[in-house]
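One structure below.
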Amino acid sequence: MEASARSAQRSDVLIGGAGFAGLALAIALRQGLGPSFSVTVADPALTGAAKDERASAIVAAARRLFETIGVWQAVEAQPILDMVVTDSRLSDVVRPVFLTFEGDVGPGEPFAHMIENAALLAALVEKAKDEGVALRTAAVADFAFSNERVSVRLSDGDTLAARLLIAADGARSAIRERAGISSHGFRYGQSAIVATIAHERDHRGRAEEHFLPAGPFAILPLKHDPSVGHRSSIVWTEQTHEAARIVALPDAEFHAELERRFGLHLGEISVVGARRVHPLGLSVARTFIAHRLALVGDAAHVIHPIAGQGLNMGLKDVAALAEVIVDAARLGLDPGSLAVLERYQRWRRFDTVAMGIATDGLNRLFSNQSDLLRLVRDVGLGVVDRLPALKHLFICEAAGLVGEVPKLLRGEAL
Ligand SMILES: Cc1cc2nc3c(=O)[nH]c(=O)nc-3n(C[C@H](O)[C@H](O)[C@H](O)COP(=O)(O)OP(=O)(O)OC[C@H]3O[C@@H](n4cnc5c(N)ncnc54)[C@H](O)[C@@H]3O)c2cc1C
(Lines give C-alpha, C1' and ligand atoms only; values in the text may rest on other atoms or scores of the structure.)
Protein backbone atom coordinates (compact mmCIF):
# COMPACT_ATOMS: atom_id res chain seq x y z
CA MET A 1 0.00 0.00 0.00
CA GLU A 2 2.79 2.43 0.85
CA ALA A 3 4.42 2.10 -2.58
CA SER A 4 1.22 2.64 -4.53
CA ALA A 5 0.25 5.62 -2.33
CA ARG A 6 3.24 7.54 -3.68
CA SER A 7 1.54 7.80 -7.06
CA ALA A 8 -1.95 7.96 -5.59
CA GLN A 9 -4.49 10.73 -6.05
CA ARG A 10 -4.58 13.11 -3.12
CA SER A 11 -7.44 14.54 -1.12
CA ASP A 12 -7.31 16.64 2.02
CA VAL A 13 -10.17 14.66 3.54
CA LEU A 14 -11.56 11.30 2.46
CA ILE A 15 -14.98 10.38 3.81
CA GLY A 16 -16.08 6.73 3.73
CA GLY A 17 -19.90 6.70 3.57
CA ALA A 18 -22.36 8.88 1.65
CA GLY A 19 -25.21 8.81 4.16
CA PHE A 20 -26.57 11.98 5.79
CA ALA A 21 -23.51 12.42 7.98
CA GLY A 22 -20.84 11.86 5.31
CA LEU A 23 -22.47 14.08 2.67
CA ALA A 24 -23.38 16.92 5.04
CA LEU A 25 -19.81 17.00 6.35
CA ALA A 26 -18.33 17.03 2.84
CA ILE A 27 -20.54 19.96 1.80
CA ALA A 28 -19.81 21.94 4.98
CA LEU A 29 -16.03 21.49 4.53
CA ARG A 30 -16.06 22.65 0.92
CA GLN A 31 -18.22 25.65 1.79
CA GLY A 32 -16.00 26.55 4.74
CA LEU A 33 -12.60 26.09 3.08
CA GLY A 34 -13.20 26.69 -0.63
CA PRO A 35 -12.00 24.89 -3.75
CA SER A 36 -8.37 24.55 -2.64
CA PHE A 37 -9.45 22.11 0.10
CA SER A 38 -10.24 18.81 -1.61
CA VAL A 39 -12.88 16.45 -0.23
CA THR A 40 -13.69 12.96 -1.55
CA VAL A 41 -16.67 10.83 -0.52
CA ALA A 42 -16.55 7.11 -1.34
CA ASP A 43 -19.60 4.85 -1.10
CA PRO A 44 -20.72 1.96 -3.35
CA ALA A 45 -24.35 3.07 -2.72
CA LEU A 46 -23.70 6.23 -4.79
CA THR A 47 -24.37 4.16 -7.93
CA GLY A 48 -28.15 4.23 -7.65
CA ALA A 49 -31.12 6.17 -6.34
CA ALA A 50 -31.44 6.19 -2.53
CA LYS A 51 -33.64 3.28 -1.38
CA ASP A 52 -34.21 4.25 2.26
CA GLU A 53 -37.99 4.19 2.74
CA ARG A 54 -37.84 5.67 6.25
CA ALA A 55 -38.77 9.18 7.27
CA SER A 56 -36.93 11.08 9.99
CA ALA A 57 -37.79 13.72 12.53
CA ILE A 58 -35.28 16.53 11.96
CA VAL A 59 -35.03 18.79 15.02
CA ALA A 60 -34.69 22.58 14.79
CA ALA A 61 -30.90 22.62 15.19
CA ALA A 62 -30.40 20.03 12.43
CA ARG A 63 -32.81 21.92 10.17
CA ARG A 64 -30.69 25.05 10.66
CA LEU A 65 -27.64 23.06 9.52
CA PHE A 66 -29.42 21.86 6.38
CA GLU A 67 -30.66 25.40 5.69
CA THR A 68 -27.18 26.85 6.13
CA ILE A 69 -25.54 24.37 3.75
CA GLY A 70 -28.36 24.97 1.23
CA VAL A 71 -30.20 21.64 0.99
CA TRP A 72 -33.32 22.27 3.09
CA GLN A 73 -34.92 24.31 0.31
CA ALA A 74 -34.88 21.19 -1.93
CA VAL A 75 -36.95 18.92 0.34
CA GLU A 76 -40.63 18.91 1.24
CA ALA A 77 -40.75 19.02 5.01
CA GLN A 78 -43.80 18.63 7.24
CA PRO A 79 -43.59 20.72 10.42
CA ILE A 80 -44.50 18.94 13.66
CA LEU A 81 -46.95 21.41 15.17
CA ASP A 82 -47.76 19.51 18.33
CA MET A 83 -47.22 16.16 19.98
CA VAL A 84 -49.25 13.96 22.30
CA VAL A 85 -47.92 11.20 24.53
CA THR A 86 -50.09 8.36 25.89
CA ASP A 87 -49.27 5.41 28.10
CA SER A 88 -51.63 2.44 28.12
CA ARG A 89 -52.14 -1.29 27.57
CA LEU A 90 -52.98 -2.52 24.08
CA SER A 91 -56.40 -3.67 25.35
CA ASP A 92 -57.33 -0.26 26.87
CA VAL A 93 -60.30 1.20 25.03
CA VAL A 94 -59.31 4.80 25.79
CA ARG A 95 -55.74 6.11 25.81
CA PRO A 96 -55.60 9.10 28.16
CA VAL A 97 -53.17 11.80 27.07
CA PHE A 98 -50.50 12.43 29.72
CA LEU A 99 -48.34 14.95 27.98
CA THR A 100 -48.82 17.44 25.19
CA PHE A 101 -46.23 19.60 23.49
CA GLU A 102 -46.89 22.53 21.25
CA GLY A 103 -43.99 22.36 18.95
CA ASP A 104 -42.29 25.80 18.72
CA VAL A 105 -38.79 26.48 20.06
CA GLY A 106 -39.26 30.13 19.23
CA PRO A 107 -41.81 32.25 17.35
CA GLY A 108 -42.60 30.49 14.07
CA GLU A 109 -39.85 27.87 14.47
CA PRO A 110 -41.27 24.35 14.98
CA PHE A 111 -39.14 22.11 17.20
CA ALA A 112 -38.99 19.47 14.47
CA HIS A 113 -39.98 18.61 10.89
CA MET A 114 -40.56 15.25 9.23
CA ILE A 115 -38.66 14.57 6.01
CA GLU A 116 -38.41 11.48 3.81
CA ASN A 117 -34.91 10.03 3.93
CA ALA A 118 -34.60 9.30 0.19
CA ALA A 119 -35.50 12.89 -0.78
CA LEU A 120 -33.02 14.42 1.66
CA LEU A 121 -30.24 12.07 0.53
CA ALA A 122 -30.89 12.94 -3.13
CA ALA A 123 -30.70 16.67 -2.28
CA LEU A 124 -27.41 16.14 -0.42
CA VAL A 125 -25.86 14.27 -3.37
CA GLU A 126 -26.83 17.08 -5.77
CA LYS A 127 -25.44 19.76 -3.44
CA ALA A 128 -22.20 17.81 -2.96
CA LYS A 129 -21.75 17.71 -6.75
CA ASP A 130 -22.42 21.47 -6.99
CA GLU A 131 -19.80 22.14 -4.32
CA GLY A 132 -17.15 20.13 -6.18
CA VAL A 133 -16.97 17.19 -3.77
CA ALA A 134 -15.35 14.22 -5.56
CA LEU A 135 -17.83 11.31 -5.40
CA ARG A 136 -16.48 7.76 -5.80
CA THR A 137 -18.78 4.77 -6.27
CA ALA A 138 -16.57 2.38 -4.30
CA ALA A 139 -16.16 1.23 -0.70
CA VAL A 140 -13.21 1.98 1.54
CA ALA A 141 -11.56 -1.44 1.43
CA ASP A 142 -8.34 -0.93 3.38
CA PHE A 143 -6.08 1.79 4.73
CA ALA A 144 -2.73 2.33 6.41
CA PHE A 145 -1.59 5.29 8.50
CA SER A 146 1.77 6.99 8.36
CA ASN A 147 2.86 10.10 10.18
CA GLU A 148 1.99 12.41 7.30
CA ARG A 149 -1.06 10.81 5.74
CA VAL A 150 -3.47 7.91 5.48
CA SER A 151 -3.31 5.75 2.33
CA VAL A 152 -6.72 4.40 1.43
CA ARG A 153 -7.45 1.57 -1.00
CA LEU A 154 -10.90 1.64 -2.57
CA SER A 155 -12.82 -1.48 -3.62
CA ASP A 156 -12.31 -0.53 -7.31
CA GLY A 157 -8.55 -0.88 -6.81
CA ASP A 158 -7.68 2.84 -6.75
CA THR A 159 -5.55 4.25 -3.96
CA LEU A 160 -5.93 7.72 -2.44
CA ALA A 161 -3.74 9.60 -0.02
CA ALA A 162 -5.49 11.89 2.48
CA ARG A 163 -4.61 13.93 5.54
CA LEU A 164 -7.72 12.69 7.34
CA LEU A 165 -10.02 9.68 6.91
CA ILE A 166 -13.58 10.02 8.21
CA ALA A 167 -15.63 6.93 9.07
CA ALA A 168 -19.23 7.84 8.14
CA ASP A 169 -20.05 4.29 7.11
CA GLY A 170 -22.94 3.60 9.45
CA ALA A 171 -23.71 1.34 12.41
CA ARG A 172 -21.67 -1.66 11.22
CA SER A 173 -18.72 0.56 10.34
CA ALA A 174 -16.03 -1.52 8.64
CA ILE A 175 -13.65 1.45 8.88
CA ARG A 176 -14.06 1.59 12.68
CA GLU A 177 -13.43 -2.16 12.94
CA ARG A 178 -10.46 -2.06 10.57
CA ALA A 179 -8.97 0.70 12.76
CA GLY A 180 -9.30 -1.59 15.79
CA ILE A 181 -11.77 0.69 17.64
CA SER A 182 -14.22 -1.37 19.67
CA SER A 183 -17.80 -0.36 20.28
CA HIS A 184 -19.61 -0.91 23.59
CA GLY A 185 -23.29 -1.75 23.58
CA PHE A 186 -26.00 -4.33 23.24
CA ARG A 187 -29.06 -5.28 21.25
CA TYR A 188 -32.43 -4.53 22.80
CA GLY A 189 -34.15 -7.69 21.54
CA GLN A 190 -36.59 -5.16 20.08
CA SER A 191 -37.10 -4.25 16.43
CA ALA A 192 -38.93 -1.37 14.80
CA ILE A 193 -41.48 -1.98 12.07
CA VAL A 194 -41.47 1.03 9.75
CA ALA A 195 -44.13 1.83 7.15
CA THR A 196 -45.99 4.72 5.55
CA ILE A 197 -49.70 4.85 6.32
CA ALA A 198 -52.35 6.67 4.27
CA HIS A 199 -55.36 7.93 6.26
CA GLU A 200 -58.65 9.65 5.52
CA ARG A 201 -58.32 12.67 7.79
CA ASP A 202 -55.65 15.36 8.05
CA HIS A 203 -53.12 14.82 10.88
CA ARG A 204 -52.84 18.63 11.26
CA GLY A 205 -49.13 18.31 11.91
CA ARG A 206 -49.63 16.27 15.09
CA ALA A 207 -47.09 13.61 16.12
CA GLU A 208 -48.23 10.86 18.50
CA GLU A 209 -46.14 8.64 20.74
CA HIS A 210 -48.12 5.78 22.30
CA PHE A 211 -46.17 3.93 24.97
CA LEU A 212 -47.46 0.37 24.74
CA PRO A 213 -46.06 -2.49 26.86
CA ALA A 214 -44.00 -3.91 23.95
CA GLY A 215 -42.45 -0.48 23.27
CA PRO A 216 -43.29 2.89 21.72
CA PHE A 217 -45.64 3.16 18.75
CA ALA A 218 -45.04 6.49 17.00
CA ILE A 219 -47.26 8.14 14.36
CA LEU A 220 -45.32 10.90 12.62
CA PRO A 221 -46.97 13.32 10.18
CA LEU A 222 -45.79 13.43 6.55
CA LYS A 223 -46.44 16.05 3.89
CA HIS A 224 -49.70 15.54 1.96
CA ASP A 225 -49.06 13.62 -1.28
CA PRO A 226 -51.63 14.37 -4.03
CA SER A 227 -51.39 10.80 -5.39
CA VAL A 228 -51.85 9.15 -1.97
CA GLY A 229 -53.61 11.72 0.23
CA HIS A 230 -52.93 12.29 3.94
CA ARG A 231 -49.97 10.26 5.18
CA SER A 232 -48.01 9.45 8.31
CA SER A 233 -44.93 7.38 8.99
CA ILE A 234 -45.06 4.80 11.79
CA VAL A 235 -42.24 3.46 13.94
CA TRP A 236 -43.72 0.44 15.76
CA THR A 237 -41.53 -1.28 18.33
CA GLU A 238 -42.02 -4.95 19.24
CA GLN A 239 -39.91 -7.80 20.60
CA THR A 240 -37.77 -8.91 17.64
CA HIS A 241 -39.50 -12.30 17.14
CA GLU A 242 -42.93 -10.63 17.33
CA ALA A 243 -41.89 -7.92 14.85
CA ALA A 244 -40.74 -10.63 12.40
CA ARG A 245 -44.05 -12.46 12.82
CA ILE A 246 -46.18 -9.33 12.36
CA VAL A 247 -44.33 -7.98 9.33
CA ALA A 248 -44.68 -11.33 7.54
CA LEU A 249 -48.47 -11.51 8.09
CA PRO A 250 -50.81 -11.46 5.06
CA ASP A 251 -52.10 -7.94 4.31
CA ALA A 252 -55.49 -8.30 6.03
CA GLU A 253 -54.00 -9.67 9.27
CA PHE A 254 -51.25 -7.06 9.27
CA HIS A 255 -53.91 -4.40 8.81
CA ALA A 256 -55.85 -5.74 11.82
CA GLU A 257 -52.74 -5.63 14.06
CA LEU A 258 -51.93 -2.14 12.80
CA GLU A 259 -55.45 -0.86 13.42
CA ARG A 260 -55.39 -2.09 17.07
CA ARG A 261 -52.44 0.22 17.67
CA PHE A 262 -53.05 3.10 15.25
CA GLY A 263 -56.78 3.48 16.05
CA LEU A 264 -59.38 5.10 13.82
CA HIS A 265 -59.08 8.75 14.91
CA LEU A 266 -57.65 9.62 11.46
CA GLY A 267 -60.34 7.61 9.64
CA GLU A 268 -59.72 4.52 7.49
CA ILE A 269 -56.04 3.61 7.15
CA SER A 270 -53.99 1.66 4.60
CA VAL A 271 -50.31 0.77 4.19
CA VAL A 272 -48.47 2.49 1.33
CA GLY A 273 -45.40 0.70 -0.07
CA ALA A 274 -43.19 -1.73 1.80
CA ARG A 275 -43.09 -2.61 5.52
CA ARG A 276 -39.58 -2.98 6.89
CA VAL A 277 -38.03 -4.16 10.14
CA HIS A 278 -34.97 -2.60 11.81
CA PRO A 279 -33.31 -4.36 14.77
CA LEU A 280 -32.58 -1.89 17.59
CA GLY A 281 -29.47 -1.54 19.70
CA LEU A 282 -27.34 0.86 21.70
CA SER A 283 -23.64 1.27 21.04
CA VAL A 284 -20.97 3.91 21.50
CA ALA A 285 -17.45 3.65 20.07
CA ARG A 286 -14.66 3.52 22.70
CA THR A 287 -13.11 6.57 21.05
CA PHE A 288 -14.32 8.86 18.25
CA ILE A 289 -10.80 9.66 17.02
CA ALA A 290 -7.39 8.22 16.29
CA HIS A 291 -4.35 9.59 14.49
CA ARG A 292 -5.73 10.75 11.06
CA LEU A 293 -9.14 9.20 11.71
CA ALA A 294 -12.48 10.52 13.03
CA LEU A 295 -15.83 8.75 13.42
CA VAL A 296 -19.17 10.50 12.79
CA GLY A 297 -22.84 9.52 12.83
CA ASP A 298 -23.89 5.91 13.34
CA ALA A 299 -20.26 4.78 12.90
CA ALA A 300 -19.63 6.47 16.26
CA HIS A 301 -22.93 5.76 18.04
CA VAL A 302 -26.29 4.06 17.63
CA ILE A 303 -29.23 4.75 19.95
CA HIS A 304 -32.85 3.63 20.33
CA PRO A 305 -35.16 5.63 18.01
CA ILE A 306 -37.59 6.25 20.92
CA ALA A 307 -36.83 9.99 20.82
CA GLY A 308 -35.97 10.22 17.09
CA GLN A 309 -32.49 11.53 17.88
CA GLY A 310 -30.00 9.18 16.11
CA LEU A 311 -29.49 11.19 12.95
CA ASN A 312 -29.78 14.46 14.86
CA MET A 313 -26.86 13.35 17.02
CA GLY A 314 -24.90 12.46 13.89
CA LEU A 315 -25.51 15.96 12.56
CA LYS A 316 -24.17 17.43 15.80
CA ASP A 317 -21.00 15.42 15.13
CA VAL A 318 -20.89 16.83 11.62
CA ALA A 319 -21.35 20.42 12.79
CA ALA A 320 -18.72 20.10 15.52
CA LEU A 321 -16.16 18.27 13.36
CA ALA A 322 -16.62 20.65 10.41
CA GLU A 323 -16.04 23.63 12.73
CA VAL A 324 -12.94 22.03 14.27
CA ILE A 325 -11.42 21.19 10.86
CA VAL A 326 -12.25 24.59 9.33
CA ASP A 327 -10.80 26.48 12.32
CA ALA A 328 -7.62 24.36 12.21
CA ALA A 329 -7.11 24.60 8.44
CA ARG A 330 -7.54 28.40 8.51
CA LEU A 331 -4.76 28.58 11.09
CA GLY A 332 -2.55 26.40 8.87
CA LEU A 333 -2.79 23.43 11.27
CA ASP A 334 -2.93 19.81 10.12
CA PRO A 335 -6.64 18.75 10.29
CA GLY A 336 -5.64 15.09 10.75
CA SER A 337 -3.48 15.64 13.82
CA LEU A 338 -4.59 14.28 17.17
CA ALA A 339 -4.33 17.69 18.81
CA VAL A 340 -6.96 19.05 16.39
CA LEU A 341 -9.22 16.00 16.56
CA GLU A 342 -9.20 15.94 20.36
CA ARG A 343 -11.26 19.15 20.36
CA TYR A 344 -13.93 17.24 18.39
CA GLN A 345 -13.86 14.30 20.77
CA ARG A 346 -14.19 16.55 23.85
CA TRP A 347 -17.10 18.36 22.24
CA ARG A 348 -19.13 15.30 21.26
CA ARG A 349 -18.38 12.22 23.33
CA PHE A 350 -19.89 13.22 26.67
CA ASP A 351 -23.09 14.52 25.04
CA THR A 352 -23.38 11.27 23.06
CA VAL A 353 -23.01 9.04 26.10
CA ALA A 354 -25.57 11.19 27.98
CA MET A 355 -28.09 10.89 25.12
CA GLY A 356 -27.46 7.11 24.89
CA ILE A 357 -28.18 6.72 28.60
CA ALA A 358 -31.28 8.96 28.41
CA THR A 359 -32.87 7.08 25.48
CA ASP A 360 -31.98 3.72 27.05
CA GLY A 361 -33.59 4.80 30.34
CA LEU A 362 -36.73 6.02 28.55
CA ASN A 363 -37.05 2.73 26.70
CA ARG A 364 -36.63 0.67 29.89
CA LEU A 365 -39.07 2.86 31.79
CA PHE A 366 -41.79 2.60 29.17
CA SER A 367 -41.34 -0.83 27.51
CA ASN A 368 -42.78 -3.01 30.27
CA GLN A 369 -46.00 -4.32 31.81
CA SER A 370 -45.57 -3.17 35.43
CA ASP A 371 -48.61 -1.28 36.77
CA LEU A 372 -46.51 0.33 39.49
CA LEU A 373 -44.02 1.71 36.96
CA ARG A 374 -46.90 2.94 34.83
CA LEU A 375 -48.27 4.86 37.83
CA VAL A 376 -44.87 6.42 38.58
CA ARG A 377 -44.19 7.50 35.00
CA ASP A 378 -47.71 8.81 34.46
CA VAL A 379 -47.46 10.99 37.57
CA GLY A 380 -44.10 12.22 36.22
CA LEU A 381 -45.55 13.00 32.79
CA GLY A 382 -48.52 14.72 34.42
CA VAL A 383 -46.19 16.95 36.47
CA VAL A 384 -44.17 17.92 33.38
CA ASP A 385 -47.40 18.65 31.52
CA ARG A 386 -48.37 21.26 34.13
CA LEU A 387 -45.03 23.12 34.09
CA PRO A 388 -44.71 25.20 30.90
CA ALA A 389 -41.13 26.36 31.65
CA LEU A 390 -39.93 22.77 32.13
CA LYS A 391 -41.74 21.68 28.98
CA HIS A 392 -40.07 24.48 27.01
CA LEU A 393 -36.67 23.39 28.34
CA PHE A 394 -37.37 19.79 27.26
CA ILE A 395 -38.39 21.00 23.81
CA CYS A 396 -35.22 23.09 23.42
CA GLU A 397 -33.11 20.16 24.63
CA ALA A 398 -34.82 17.78 22.19
CA ALA A 399 -34.41 20.39 19.43
CA GLY A 400 -30.63 20.36 20.00
CA LEU A 401 -30.47 23.99 21.17
CA VAL A 402 -29.04 23.51 24.68
CA GLY A 403 -25.33 23.37 25.64
CA GLU A 404 -22.35 24.40 23.53
CA VAL A 405 -24.07 24.42 20.14
CA PRO A 406 -21.76 24.39 17.07
CA LYS A 407 -22.16 27.25 14.55
CA LEU A 408 -23.93 25.27 11.81
CA LEU A 409 -26.62 24.18 14.28
CA ARG A 410 -27.14 27.84 15.20
CA GLY A 411 -27.65 28.61 11.53
CA GLU A 412 -24.28 30.36 11.10
CA ALA A 413 -22.01 29.60 8.14
CA LEU A 414 -18.45 28.44 8.88
C1 LIG B 1 -36.51 2.76 12.68
C2 LIG B 1 -35.59 3.93 12.80
C3 LIG B 1 -36.11 5.22 12.85
C4 LIG B 1 -35.27 6.31 12.99
N5 LIG B 1 -35.81 7.55 13.08
C6 LIG B 1 -35.00 8.61 13.29
C7 LIG B 1 -35.54 9.93 13.44
O8 LIG B 1 -36.76 10.13 13.36
N9 LIG B 1 -34.67 10.96 13.66
C10 LIG B 1 -33.33 10.77 13.77
O11 LIG B 1 -32.61 11.73 14.04
N12 LIG B 1 -32.79 9.54 13.60
C13 LIG B 1 -33.59 8.47 13.37
N14 LIG B 1 -33.04 7.22 13.20
C15 LIG B 1 -31.57 7.09 13.15
C16 LIG B 1 -31.02 7.45 11.75
O17 LIG B 1 -31.71 6.76 10.75
C18 LIG B 1 -29.52 7.13 11.67
O19 LIG B 1 -28.88 7.69 12.81
C20 LIG B 1 -28.89 7.73 10.40
O21 LIG B 1 -29.47 7.18 9.24
C22 LIG B 1 -27.40 7.49 10.38
O23 LIG B 1 -26.81 8.19 9.31
P24 LIG B 1 -25.29 7.94 8.92
O25 LIG B 1 -25.00 8.84 7.77
O26 LIG B 1 -24.43 8.01 10.11
O27 LIG B 1 -25.22 6.40 8.46
P28 LIG B 1 -25.98 5.63 7.30
O29 LIG B 1 -27.24 6.32 6.92
O30 LIG B 1 -26.09 4.21 7.77
O31 LIG B 1 -25.00 5.71 6.05
C32 LIG B 1 -23.83 4.95 5.97
C33 LIG B 1 -23.35 4.88 4.53
O34 LIG B 1 -22.07 4.24 4.52
C35 LIG B 1 -21.98 3.38 3.38
N36 LIG B 1 -20.92 2.40 3.64
C37 LIG B 1 -20.94 1.28 4.41
N38 LIG B 1 -19.74 0.68 4.41
C39 LIG B 1 -18.91 1.45 3.65
C40 LIG B 1 -17.51 1.37 3.30
N41 LIG B 1 -16.73 0.39 3.74
N42 LIG B 1 -17.01 2.34 2.51
C43 LIG B 1 -17.76 3.37 2.08
N44 LIG B 1 -19.09 3.49 2.38
C45 LIG B 1 -19.64 2.54 3.17
C46 LIG B 1 -23.38 2.82 3.23
O47 LIG B 1 -23.61 2.40 1.89
C48 LIG B 1 -24.25 4.03 3.62
O49 LIG B 1 -24.61 4.80 2.49
C50 LIG B 1 -33.86 6.12 13.06
C51 LIG B 1 -33.33 4.83 12.98
C52 LIG B 1 -34.18 3.73 12.87
C53 LIG B 1 -33.59 2.34 12.83
TRP347, TRP236, ranked by accessible area, largest first (probe 1.4 Å): TRP347, TRP236
With all protein chains modelled, accessible area of SER155 [1.4 Å, Å²]: 80 Å²
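Could you tally the net charge around SER182, taking each other residue with its Cβ under 13 Å from the Cβ of SER182, Lys/Arg +1 and Asp/Glu -1?
Values: positive: ARG176, ARG178, ARG286; negative: GLU177.
Summing Lys/Arg as +1 and Asp/Glu as -1 gives +2.
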Which of LEU160, ALA139, TRP236, positive extreme of dipole for segment 121-246 (C-beta unit charges): LEU160
Protein-only accessible surface order, largest first, of ASP251, ASP156 at 1.4 Å: ASP251, ASP156
Solvent-accessible area of SER270 with every protein chain in place, 1.4 Å probe, in Å² to the nearest 10: 60 Å²
Only Lys, Arg (+1) and Asp, Glu (-1) charged, at Cβ; segment 11-66 dipole about Cα centre in debye: 220 debye
Efficiency of FRET from Cβ geometry, ASN147 and GLU200, R₀ 60 Å, rounded to 0.05: 0.40
Percent carbon-and-sulfur accessible area, segment 227-305, ignoring ligands, DNA and RNA, probe 1.4 Å: 57 percent
Calculated SAXS-style log₁₀ I(q)/I(0) at q = 0.19, 0.23, 0.27 Å⁻¹ - segment 12-95, Debye, Cα scatterers: -1.00, -1.25, -1.39
Solvent-accessible area per residue, Å², over segment 216-325 with all protein chains present [probe radius 1.4 Å]: 34 Å²
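For ARG187 and ALA122, what does the FRET efficiency come to when R0 = 25 Å and r is the distance between their Cβ atoms, rounded to the nearest 0.05?
Once rounded, the FRET efficiency stands at 0.20.
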Solvent-accessible area of HIS184 with every protein chain in place, 1.4 Å probe, in Å² to the nearest 10: 110 Å²
Cα centroid separation, segment 102-162 to segment 275-315 (Å): 15 Å
Mean separation of Cα contacts under 8 Å (6+ apart) over length of segment 191-324, as relative contact order %: 26 percent
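The values are calculated or read from the model by the stated rules, or taken from the named source; none is laboratory data. Being a predicted model, the structure only gives us computed values, none of them experimental. As a convention, Cβ positions derive from the backbone with ideal geometry for all residues, glycine included, and neighbour counts pool all protein chains shown. Each accessible area value is taken on the protein alone, full model and side chains, heavy atoms only, with ligands, DNA and RNA left out. Shrake-Rupley method; radii C 1.70, N 1.55, O 1.52, S 1.80 Å.
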